[in-house]
Amino acid sequence: MRAYARLVARADGRGGTVLAELRGETPLLLRQTPGSGRVVTVYVVGGAAGPLAGDDLRLEIEVGPGAAVRVHSVAASVALPGRPDAVSRMAVRAVVHDGGALHWLPEQLVAAAGCAHLAESRVELAAGARLTWRDEVICGRYGEAPGGAVVHTRVDYDGRPLLRQSLAVGPGAPGWAGPAVLGGASATGSLLVVDPSLPHERATVEGTLARLPLAGGPATLWTATAPDAHTLRAQLDVAVAPLGAEVG
């Protein structure tokens with residue numbers, strides 16, 4: 001199955017945000033939720049199970065100057081096996097202009113047994129843009145071994161590289177469960193915060209939660225591992241909490 005969705009947000013000239021374009025195809029459906037204020041909230045709704053091996057899903061997001069968008073998903077995305085030797089793909093491309101803000105806060109990606117999934121995200125930020133970007137991967141459903149999942153994240157700030165991150169889990173990724181990667185944890189995630197107004201923070205490590213300032217821009221990357229999805233979310237929420245109601 002192939003599906004394409006697009007979201008375009010513009011400032012309305014009165015301190016708020018309007019959606020100039022919002023469209024999608026099953027199983028990649030976009031729905032705006034009622035609300036007021038500067039930030040528009042959109043949910044990604046899965047119109048079918050999956051993604052299944054062989055699916056090719058693509059989402060484009062553009063946030064104009066002065067606009068602010070928060071994107072959630074209704075439920076976790078469960079990557080499932082499908083056609084033999086086929087790979088499922090989810091590609092997200094986002095552009096945020098100067099003064100714009102994008103808060104990407106979907107639910108987890110679950111790599112179910114037998115799946116082969118590739119998630120690719122590419123974000124281009126203008127100088128002065130703000131970003132909150134959360135990625136979480138759960139290695140298998142309860143009581144099962146994980147399938148194969150690869151997550152690539154690429155973020156540029158003001159035309160320069162800010163983040164290049166890749167994670168591979170499952171039987172096709174040698175050493176993924178070892179001490180150099182997940183150390184036996186079944187859940188892992190990261191939260192990238194880009195905000196020129198935030199003060200510079202030093203690198204810290206508390207248990208399995210690490211805070212890493214990035215050299216390529218006004219940004220901090222939080223990474224964590226955990227035994228389950230609930231614990232992982234609680235760890236990353238520590239980073240989200242100081243950002244205020246706009247992100248929550």
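Results, tabulated for the structure shown:
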quantity: More than 13 Å apart - percent of Cα-Cα pairs taken over region 17-89; calculated: 68 percent
quantity: Accessible-area order (highest first, 1.4 angstrom probe) of the listed residues T223, T17; calculated: T223, T17
quantity: D85, D156, reordered so the largest accessible area comes first (probe 1.4 Å); calculated: D85, D156
quantity: Length released on extending from V74 to T204, taking residue separation times 0.36 nm less the Cα-Cα span; calculated: 43.6 nm
quantity: Carbon/sulfur fraction of accessible area - the chain, other protein chains in place, 1.4 Å, %; calculated: 54 percent
quantity: Over the chain - Rg/Rh using Cα atoms and the Kirkwood inverse-distance radius; calculated: 0.95
quantity: Cleavage-rule hits, GluC sites (Glu not before Pro), region 124-200, DSSP coil, Cβ neighbours within 10 Å at most 13; calculated: E144
quantity: Pairs of Cα atoms farther than 18 Å apart, region 147-248, %; calculated: 53 percent
quantity: Under 5 Å, built H, 5+ apart or other chain: amide partners of V110; calculated: S77, V78, A79, I138
quantity: Accessible area of the chain divided out per residue, in Å², using a probe of 1.4 angstrom; calculated: 46 Å²
quantity: Fraction of antiparallel bridges per DSSP, region 1-82 only, in percent to nearest 5; calculated: 45 percent
quantity: Label-point gap, in nm, between L243 and T26 - each point 7 angstrom along Cα→Cβ; calculated: 3.3 nm
quantity: Region 1-45: proportion of alpha-carbon pairs further apart than 16 angstrom, %; calculated: 40 percent
quantity: Nearest-10 value in Å² for the accessible area of Y43, using the 1.4 Å probe; calculated: 70 Å²
quantity: Estimated 222 nm signal from helices in the chain, with DSSP H stretches of n ≥ 4 weighted -39500 (n - 2.57), rounded to 500; calculated: -1500 deg cm²/dmol
quantity: Region 158-220: trypsin sites (Lys or Arg not before Pro) in DSSP loop, at most 14 other beta carbons within 10 Å; calculated: R202
quantity: Exposure rank, largest accessible area first [M90, M1; 1.4 Å]; calculated: M1, M90
quantity: Whole-angstrom gap from region 208-225 to region 87-115, using each part's C-alpha centre; calculated: 18 Å
quantity: Selection of GluC sites (Glu not before Pro), region 161-248, meeting DSSP coil and at most 15 other Cβ within 10 Å; calculated: E201, E246
quantity: FRET efficiency for A173 and D12, using Cβ-Cβ distance with R0 set to 41 Å, rounded to 0.05; calculated: 0.35
quantity: Percent of C-alpha pairs per 10 Å bin, region 1-137, short to long; calculated: 13, 43, 30, 12, 2, 0
quantity: Potential extension, T33-R160 segment - 0.36 nm per residue separation minus Cα distance; calculated: 42.3 nm
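The values are calculated or read from the model by the stated rules, or taken from the named source; none is laboratory data. Just so it is clear, the model here is predicted, and its values are computed rather than measured. Note that each Cβ is placed from the backbone with ideal geometry, even for glycine, and that neighbours are counted across all protein chains shown. Remember, those area values only see protein heavy atoms, side chains included, never the ligands or the DNA or RNA. Shrake-Rupley method; radii C 1.70, N 1.55, O 1.52, S 1.80 Å.
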